[in-house]
């Protein structure tokens, strides 16, 4: 079995995670392996806590793309990986890893999934989740305050300083590489039906 690798990109708060969850539910968890680009943030242990907090995490340079590409290549070749884990509260890479086994479908999810040139050739199907900026900001604000211990002020400062500019410079332009653009994310049932039908009908055909 040669796994089919699906890239899911889009701006922060666009609904990528909802798309991925619904694809997994429809395809069956036993058929899908997940890889998050967020796991591959470069470790900030050499920086002070303040410098780590103000790092530009939306720039492609923040990603350990060499390790990401190596791991996706291993999965596509049928080999398991030990994926890194990242603590978003401390901005440090954890010592523990997560074992990911190759399955029929490998989903690579992240805002920069289509913005890394060396990663794109490994993606058999490229999806871009397109959602209005105001809705993306609301979702990001709610997530970071709830799940990452952030204040409203810090989230808004980061959005203005790096998230929005990096979206315009790197994320939004990467949509040109998408095979399918999904408006409204996981709420676009029609788009999800088309994707799932294609994958279930003939997984290998999505790469052709």
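Please go through the range 170-193 and pick out each residue that is farther than 12 Å from residue 127 by Cα and over 17 Å from the mean Cα position of the chain (by Cα). The answer is 187, 188, 189, 190, 193.
Across the range 54-92, the qualifying residues are those that are exposed (fewer than 13 other Cβ atoms within 10 Å of the Cβ) and part of a helix (DSSP H, G or I), and the one among them that is modelled with the lowest pLDDT is 61.
Residues checked against (1) touching a residue at least 12 places away in the same chain (Cβ under 8 Å); (2) touching a strand residue (DSSP E or B) at 6+ places or on another chain (Cβ under 9 Å); (3) within 23 Å of residue 31 (Cα to Cα); (4) assigned to a helix (DSSP H, G or I):
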position: 107; (1), (2), (3), (4): yes, yes, yes, no
position: 112; (1), (2), (3), (4): yes, yes, no, no
position: 134; (1), (2), (3), (4): no, no, no, yes
position: 137; (1), (2), (3), (4): yes, no, no, yes
position: 141; (1), (2), (3), (4): yes, no, no, yes
position: 145; (1), (2), (3), (4): no, no, no, yes
position: 159; (1), (2), (3), (4): yes, no, no, yes
position: 169; (1), (2), (3), (4): no, no, no, yes
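Can residue 116 be described as touching a helix residue (DSSP H, G or I) at 6+ places or on another chain (Cβ under 8 Å) and part of a helix (DSSP H, G or I)? No, not satisfied.
Counting only residues that are over 25 Å from residue 137 (Cα atoms) and free of Cβ contacts under 8 Å to residues at least 12 places away in the same chain, the range 171-197 holds 2 of them.
Tell me yes or no: at least one residue of the range 50-61 is in contact (Cβ under 8 Å) with a residue 60 or more places away in the chain, under 30 Å from residue 193 (Cβ atoms) and under 16 Å from the mean Cα position of the chain (by Cα). The answer is no; no qualifying residue exists.
Looking only at residues in the range 176-189 that are in a helix (DSSP H, G or I) and at pLDDT below 95, the one that is surrounded by the most Cβ atoms within 10 Å (Cβ to Cβ) is 185.
Within the range 136-157, is even one residue closer than 15 Å to residue 112 by Cα and either surrounded by fewer than 18 Cβ atoms within 10 Å (Cβ to Cβ) or at pLDDT 90 or above (or both)?
Step one: filter the range 136-157 for residues closer than 15 Å to residue 112 by Cα, giving none.
The answer is no; no qualifying residue exists.
For first residues located in the range 3-14 and in contact (Cβ under 8 Å) with a residue 12 or more places away in the chain and on the phi > 0 side of the Ramachandran plot, partners that are in a strand (DSSP E or B) and crowded, with 24+ Cβ neighbours inside 10 Å and lie 6+ apart or on another chain with Cβ distances below 7 Å form the pairs 10/128; 10/129.
Among the residues of the range 1-25, those that are in contact with a strand residue (DSSP E or B) (Cβ under 9 Å, 6 or more places away or on another chain) and either within 19 Å of residue 120 (Cα to Cα) or part of a strand (DSSP E or B) (or both) comprise 3, 4, 5, 6, 7, 8, 9, 10, 11, 16, 20.
You will find that of 135, 75, 122, 127, the residue that is under 21 Å from residue 14 (Cβ atoms) and under 17 Å from the mean Cα position of the chain (by Cα) is 127 and no other.
Taking the range 19-41 as the search range and keeping residues that are surrounded by fewer than 18 Cβ atoms within 10 Å (Cβ to Cβ) and touching a residue at least 40 places away in the same chain (Cβ under 8 Å), which one is nearest to residue 94 (Cα to Cα)? Outline the logic, then answer.
So the first thing to find is which residues in the range 19-41 are surrounded by fewer than 18 Cβ atoms within 10 Å (Cβ to Cβ), and the list is 21, 24-26, 28-31, 38.
Checking which are touching a residue at least 40 places away in the same chain (Cβ under 8 Å) leaves us with 21, 24, 26, 30-31, 38.
Working: 21: 24, 24: 26, 26: 31, 30: 26, 31: 27, 38: 13 Å.
Once the filter is applied, the top-ranked residue is 38.
The values are calculated or read from the model by the stated rules, or taken from the named source; none is laboratory data. Everything quoted here is computed from the prediction, not taken from an experiment. A quick note on method: Cβ atoms are made from the backbone with ideal geometry, for glycine too, and the neighbour counts reach across all protein chains shown.
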